[in-house]
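The values are calculated or read from the model by the stated rules, or taken from the named source; none is laboratory data. What you see is a predicted model, and the numbers here were worked out from it, not measured in a lab. Cβ atoms come from the backbone with ideal geometry, glycine included; neighbour counts cover every protein chain shown. Protein only, heavy atoms only, side chains kept; ligands, DNA and RNA dropped before computing areas. Shrake-Rupley method; radii C 1.70, N 1.55, O 1.52, S 1.80 Å.
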Amino acid sequence: MKKLLSYFSVLFLALAVLSSCSKDDEPKRDPFPSELVRGAYIVNYGDYGSGGASISKYDYDSDKLTNFYYQQQNDELELLSNIQYMYQYDDQVFLLGNMPDQLITVNPLFEQTVNGLTEQIEKPRACVASGDYLYVSCWGGEVWNDNSISYIAKYNIVTGAVEETISLPGGPEGLEIVNGKLYAALNFKDSVAVMNLDDQAISYIVTPAVSSYFIKDPKGNLYVSLLNTYSDPSEQTGLGYINTVTNQLEDIYPLSGVSTEYASIMAANNDFTKIYVTAASYVQDGEGQWNLTGSLSEFDVATKTFGSEPFISNISGAKGVSVNPVDGKIYVFAGESVTGAGLMKIYNTAGELLSTKTVGASPAMALFLD
């Protein structure tokens, strides 16, 4: 009997070892398979303070559009905040929401993984990450009445908490990090702020108008959008070029009416030979009425010039632009109403309209995941 028990014990151990080896040899399952993730994710801002925000997913390979994608992935839960900005870092996607103000974290399948963070996140505008930290520009309240109240929130991605807030007057908007320095475009001060991440010392680069967002070139220098939104009409708008080694505004490339919208007012193409910038101007119709009409201008990086005519004209309700990094097609977002459906217009590199998709209210930007 003892021999029989011993035999079964050895057999059990052998099977356990084989089972263990078999599991170890099995390839690990990708939690975010590309066939489920790949696509363009569109932020539909909705109506500020009244909800209506949503995320649309566009599978450009199959030409399939799914509106209310966030709800689909989260048991039909709606986005209660108006999504101001969306940013991907490693295997996380961060959504910055207004009214209520919060930071929402989802995985690449857009399943929410962390409860919305509201503490020390007041009127968030944009974000950028480095190491274990996400830096969030926050207006901090009614910055248009008191621009000293704005700040940068330093969010620890590992612990899921804001470790500190760093005062930054002037209403910081778009952010970028180059060589250990955080660059912040300021909406209420004619300057770009530069903060050393080691000691948090802040210096300023004077600009001829207020600014909103950056595009980083392959050398780590920055193009910054100079706006007419909060500027005096006499101030110079267009694109500014910042040398991040000298921290000097080296050049200004004029363009009138640079967008009055947010989030994605400019985008570079795949090989960084062109930058597309949205602008708005008043056009008189046949009945003598002046209407605000958007356009898209093309900036040639080699010649440092804008085209003499807009690349795309007469975009009613223009909101923003993004470029598909896979095929180079240009996505222009438009919405004449903050409550009605918006449009995503897809163009080729010659500026020819390929298709128009109906998305959510006030589409603002697209994030491309693969």
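Could you count how many residues in the range 340-370 are among the β-branched types (Val, Ile, Thr) and out of contact with any Gly (no Cβ under 6 Å at 6 or more places or on another chain)?
3
Residues are listed down the side, and each one gets a yes or a no for (1) closer than 17 Å to Ala268 by Cβ; (2) surrounded by fewer than 21 Cβ atoms within 10 Å (Cβ to Cβ); (3) β-branched (Val, Ile, Thr):
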{"position": "Pro172", "(1), (2), (3)": "no, no, no"}
{"position": "Ser203", "(1), (2), (3)": "no, yes, no"}
{"position": "Pro218", "(1), (2), (3)": "yes, yes, no"}
{"position": "Leu227", "(1), (2), (3)": "no, no, no"}
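Every residue in the range 126-151 that is β-branched (Val, Ile, Thr) and either under 17 Å from the mean Cα position of the chain (by Cα) or open to solvent by 50 Å² or more (accessible area, probe 1.4 Å) (or both), please.
Looking only at the range 126-151, we keep the residues that are β-branched (Val, Ile, Thr), and these are 128, 136, 143, 149.
Within the range 126-151, Val128, Val136, Ile149 meet the criteria.
Checking Ser337 against (1) at pLDDT below 85; (2) not in a loop (DSSP other than H, G, I, E, B), which test does it fail?
Unmet condition: (2).
Quick one: count up the residues across the range 303-334 that are hydroxyl-bearing (Ser, Thr, Tyr) and outside any strand (DSSP E or B). Can you show your working first?
Of the range 303-334, the ones hydroxyl-bearing (Ser, Thr, Tyr) are 303, 305, 308, 313, 316, 322, 331.
Those still in the list that are outside any strand (DSSP E or B) too: 303, 308.
Qualifying residue count, the range 303-334: 2.
State whether the residues of the range 252-269 include one that is more than 23 Å from the chain's Cα centre (by Cα) and either surrounded by 19 or more Cβ atoms within 10 Å (Cβ to Cβ) or modelled with pLDDT of 95 or more (or both). Show your work before the answer.
The initial filter retains those residues of the range 252-269 that are more than 23 Å from the chain's Cα centre (by Cα), namely 252-254, 256.
Filter once more, keeping what is either surrounded by 19 or more Cβ atoms within 10 Å (Cβ to Cβ) or modelled with pLDDT of 95 or more (or both): 252-253.
Yes, there is a match, as at least one residue in the range 252-269 is more than 23 Å from the chain's Cα centre (by Cα) and either surrounded by 19 or more Cβ atoms within 10 Å (Cβ to Cβ) or modelled with pLDDT of 95 or more (or both).
Within the bounds of the range 80-101, is there any residue that is more than 19 Å from the chain's Cα centre (by Cα) and under 21 Å from Val332 (Cβ atoms)?
No, every residue in the range 80-101 fails to be more than 19 Å from the chain's Cα centre (by Cα) and under 21 Å from Val332 (Cβ atoms).
Condition first: open to solvent by 50 Å² or more (accessible area, probe 1.4 Å) and out of contact with any Phe, Trp or Tyr (no Cβ under 8 Å at 6 or more places or on another chain). Now tell me which residues in the range 93-111 satisfy that.
If we filter the range 93-111 for residues that are open to solvent by 50 Å² or more (accessible area, probe 1.4 Å), which is where we start, we get 99-100, 111.
Selection gives Pro100, Glu111.
Kindly state which helices (runs of 4 or more DSSP H) lie completely within the range 1-92 and contain at least 2 residues that are modelled with pLDDT of 90 or more and surrounded by 12 or more Cβ atoms within 10 Å (Cβ to Cβ). Let's see the steps before the verdict.
Working: elements: 2-25, 34-37, 69-73.
Hits in the range 1-92: 69-73.
Does Asn115 count as modelled with pLDDT under 95 and within 17 Å of Tyr48 (Cβ to Cβ)?
Details: modelled with pLDDT under 95: yes; within 17 Å of Tyr48 (Cβ to Cβ): no.
Considered against the rule, which asks whether it is modelled with pLDDT under 95 and within 17 Å of Tyr48 (Cβ to Cβ), Asn115 comes out as no.
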